[in-house]
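Since the structure comes first, as structure tokens, the remarks are kept for the end.
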Amino acid sequence: MSNKSKVEPTSIGAVWEKFIIDGNAESLPIRTEILESWKRCYAAGVNPYDGTSYRALENGELTELLYRHREMIRVAKPFMVKLYEFVAGSGFVVFLADERGYMLEVMGDYDILENARKVNLSKGFGWMEEEVGTNGIGTALALGAPCQVSGQEHYCQKIHSWTCSAAPIMDEDGKVLGALQMSGPSRKAHLHTLGMVVAAVEAIFDQMRINKQNRELTVLNKCMNDIFQTMSDGAMIVSLDGLISQINPAAEQILGKEVLGVSINEVYGRSEVISLMLSEARDFADVEIIVDSSRGHLHCMVTGKALKDGKGQVSGAVIFFNPINKVKNLVNRISGAQASFYFKDIIGHSPKLLHAIQTGMQAASSTSNVLIQGESGTGKELFAQAIHNHSPRRNGPFIALNCAAIPRELIASELFGYSEGAFTGAKRGGRPGKFELAAGGTLFLDEIGDMPLDQQASLLRVLQEKKITRVGGERIISVDVRVVCATNKNLQEEIRKNNFRQDLYYRLNVIYISIPPFRERREDILLLFYYLLDRITSKMQVEIQDIEPELLECLKNYDWPGNVRELENVVEKIVNQANGPFLRCEHLPAEIMAIESNSSCLSSLLPVEEERQEHRKEVITDFLAERQTIVNSLARHRGNISKVARELGLSRNTVYRKIEFYKISRKQSFD
């Protein structure tokens with residue numbers, strides 16, 4: 001606040017009288033902030049002979065205003081009481097106003113309050129400059145700074161007997177929230193009064209800032225606690241002396257026992273990484289530790305972070321952990337280690353294929369090992385995935401390993417994993433093998449007949465004991481895995497050649513599934529052809545309008561050494577070769593057209609048109625007849641698939657596939 005040399009009251013009165021007459025402010029001996037305030041009041045047309053506030057809030061408005069500023073009022077009240085206690089009995093009163101100048105709270109000597117009420121200096125009235133001229137609260141709010149107005153410095157005559165010391169209350173961003181004022185007789189004006197008000201305002205600001213921080217901390221603590229309590233990872237907080245002080249529900253469920261107040265060593269053993277975290281603030285992440293639970297020892301993935309106090313000293317730690325099986329299942333889901341095929345995806349209705357499907361479905365409900373035998377391309381992995389997806393392990397991972405595709409020296413590490421330092425180039429921390437990754441699910445070992453003999457012995461031991469040891473490691477890890485194997489070899493012949501262990505064969509061959517080659521189920525060739533054609537043309541966004549009948553004959557007569565995989569390849573080839581809506585014999589690969597059994601196909605390159613049309617009609621008639629038979633049966637049994645299957649002598653899955661193939665609506669068929 002700027003001050004000039006003291007001016008006698010009579011001189012200030014003369015200055016005031018001169019200013020209100022002509023508003024001339026040239027060379028007037030008065031403080032700059034007062035003179036500037038007078039100019040604003042003169043320009044606003046304030047009545048200098050009044051000094052009463054007529055701007056009052058309605059009861060509802062005042063109630064709303066008091067509620068909106070309840071935090072500032074609650075904080076300011078104790079400081080207002082302290083201010084008043086300093087000056088009690090001396091004719092002073094303390095006011096609190098909002099950011100516009102409306103009075104929110106008043107306390108002081110009774111007689112002074114009565115005098116204040118005469119000019120409406122009371123709760124609910126506005127004391128801004130444009131209403132009552134230069135005054136403590138109004139001018140402090142206009143300046144955004146502390147201000148003292150005494151006697152005839154007030155613009156309005158009715159309040160010349162007052163001295164007012166006021167200061168704005170601001171938030172951390174400099175936004176004005178309100179103002180605090182102490183008023184009394186003008187003869188008792190003193191600069192110390194303004195100093196007291198400024199000190200009180202600073203204390204109010206500090207307290208409001210602390211309250212805000214406390215509220216933010218409360219919200220943050222609640223959020224952190226909610227996260228701690230609801231997170232899926234097990235979590236616990238440990239004190240500096242290693243005692244567990246907090247634990248979340250997930251950790252309680254994993255451990256299955258009460259551990260509050262227990263030493264961390266009783267849960268994790270004497271772990272070096274935990275000791276270093278508490279003693280030297282060395283955080284760690286994703287370390288495999290054996291945890292003691294009510295169900296025995298659990299193989300867990302553990303992460304720890306030291307907690308520090310305000311001085312940067314370790315005060316404890318927070319530890320997160322999860323059973324490694326849960327972590328692996330999550331990794332498997334993200335990496336796509338899941339089975340996507342079901343028995344309904346196996347296309348065909350030949351007796352041999354249906355028998356294989358029936359055996360597979362029976363195998364799904366069992367926990368025994370399965371051996372699938374079939375030529376390359378017959379769909380052995382499709383069967384393995386279907387067995388998994390119809391088994392109680394369907395929610396677990398499906399891990400596949402082709403034994404013929406892995407170098408001999410890497411088979412062991414792929415199956416059983418390896419420990420850190422097991423060999424040159426071993427990943428830091430080691431790596432789990434397929435048995436660990438498949439825990440709780442199914443491990444599919446394709447081409448099992450190509451597994452080296454020394455690893456066959458290791459596999460046999462794992463199948464018997466349900467335990468593994470990583471390459472280069474010593475810790476024994478229990479594994480809960482169902483094994484499904486597949487081969488395109490005759491394993492009994494391999495046993496005679498000493499290429500396969502007989503004891504392993506008997507361990508694997510508990511449930512045997514033989515998948516017939518494509519040439520032994522020719523009745524499925526066209527069914528599967530149309531299925532694949534529809535799928536491939538949809539993917540390629542191609543529309544086929546006509547298929548030459550001789551092309552279908554060629555497909556039926558071919559022996560398909562590559563089985564279903566070869567057919568899929570051929571369908572894609574002829575669609576690309578045709579480059580249009582018509583499929584002809586010339587679009588077929590040469591090896592299919594060249595065989596002797598397809599000589600009729602070769603001769604049909606220049607067929608008689610009438611014969612071609614007649615053949616086409618026969619094929620279409622056969623398909624339409626079968627479709628109509630299914631539609632009629634659905635109508636008779638009102639869409640009951642089980643009854644339709646019994647009537648037609650088919651399995652329910654086959655009926656479903658034919659409904660999908662012929663695009664039959666079950667609802668429309670009996671409406």
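Key figures
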read-out: Given (1) assigned to a loop (DSSP other than H, G, I, E, B); (2) modelled with pLDDT of 90 or more; (3) polar (S, T, N, Q), index of the condition SER315 fails; value: (1)
read-out: Residue within the range 101-114 that is within 60 Å of the chain's Cα centre (by Cα), crowded, with 20+ Cβ neighbours inside 10 Å and within 17 Å of ARG40 (Cα to Cα) present; value: yes
read-out: Check on LYS380, within 22 Å of GLU447 (Cα to Cα) and either outside the structural domain of THR487 (by TED's automatic domain parsing) or of a type in the set (D, E, K, R) (or both); value: yes
read-out: Residue among GLU494, GLU474 that alone is of a type in the set (D, E, K, R), surrounded by 14 or more Cβ atoms within 10 Å (Cβ to Cβ) and not assigned by TED's automatic domain parsing to the domain that holds CYS585; value: GLU494
read-out: Filter result for GLY126 (surrounded by 20 or more Cβ atoms within 10 Å (Cβ to Cβ) and in contact (Cβ under 8 Å) with a residue 24 or more places away in the chain); value: yes
read-out: Index of the failed condition, LEU650 passing every other in (1) in a loop (DSSP other than H, G, I, E, B); (2) surrounded by fewer than 16 Cβ atoms within 10 Å (Cβ to Cβ); (3) among the aliphatic types (A, V, I, L, M); (4) modelled with pLDDT of 75 or more; value: (2)
read-out: Criterion: assigned to a helix (DSSP H, G or I), surrounded by 13 or more Cβ atoms within 10 Å (Cβ to Cβ) and at negative phi - qualifying residue of ILE244, ILE210, ILE227, ILE204; value: ILE204
read-out: Residue within the range 275-287 that is part of a loop (DSSP other than H, G, I, E, B), touching a helix residue (DSSP H, G or I) at 6+ places or on another chain (Cβ under 8 Å), farther than 30 Å from ARG431 by Cα and not assigned by TED's automatic domain parsing to the domain that holds GLU172 present; value: no
read-out: Odd one out for GLY256, checked against (1) closer than 28 Å to VAL479 by Cβ; (2) in contact with a Phe, Trp or Tyr (Cβ under 9 Å, 6 or more places away or on another chain); (3) surrounded by fewer than 19 Cβ atoms within 10 Å (Cβ to Cβ); value: (2)
read-out: Candidate set from the range 301-318 (those that are within 26 Å of GLN253 (Cβ to Cβ) and touching an Asp or Glu at 6+ places or on another chain (Cβ under 7 Å)); member that is surrounded by the fewest Cβ atoms within 10 Å (Cβ to Cβ); value: LYS305
read-out: Set PRO607, PRO581: member being under 13 Å from GLU548 (Cα atoms) and at pLDDT 75 or above; value: PRO581
read-out: Matching residues, the range 287-328, being out of contact with any strand residue (DSSP E or B) (no Cβ under 8 Å at 6 or more places or on another chain) and either of a type in the set (Ser, Thr, Tyr) or at positive phi (or both); value: SER293, SER294, GLY296, GLY312
read-out: The range 259-279, subset charged (D, E, K, R) and out of contact with any strand residue (DSSP E or B) (no Cβ under 8 Å at 6 or more places or on another chain), residue surrounded by the fewest Cβ atoms within 10 Å (Cβ to Cβ); value: ARG270
read-out: Among the candidates ALA76, ALA97, residue that is in contact with a helix residue (DSSP H, G or I) (Cβ under 8 Å, 6 or more places away or on another chain), assigned to a helix (DSSP H, G or I) and either touching a residue at least 40 places away in the same chain (Cβ under 8 Å) or surrounded by fewer than 20 Cβ atoms within 10 Å (Cβ to Cβ) (or both); value: ALA76
read-out: Residue check, ILE290 out of contact with any Asp or Glu (no Cβ under 8 Å at 6 or more places or on another chain), modelled with pLDDT of 90 or more, outside the structural domain of ARG475 (by TED's automatic domain parsing) and not in a helix (DSSP H, G or I); value: no
read-out: Strands (runs of 3 or more DSSP E) (entirely within the range 383-482) containing at least 1 residues that are within 24 Å of GLN373 (Cβ to Cβ) and in contact with a Pro (Cβ under 8 Å, 6 or more places away or on another chain); value: 442-446
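The values are calculated or read from the model by the stated rules, or taken from the named source; none is laboratory data. This is a predicted model, so every value here is computed, not measured. Don't worry about glycine lacking a Cβ; one is built from the backbone with ideal geometry, like all the others, and counts go over all protein chains shown.
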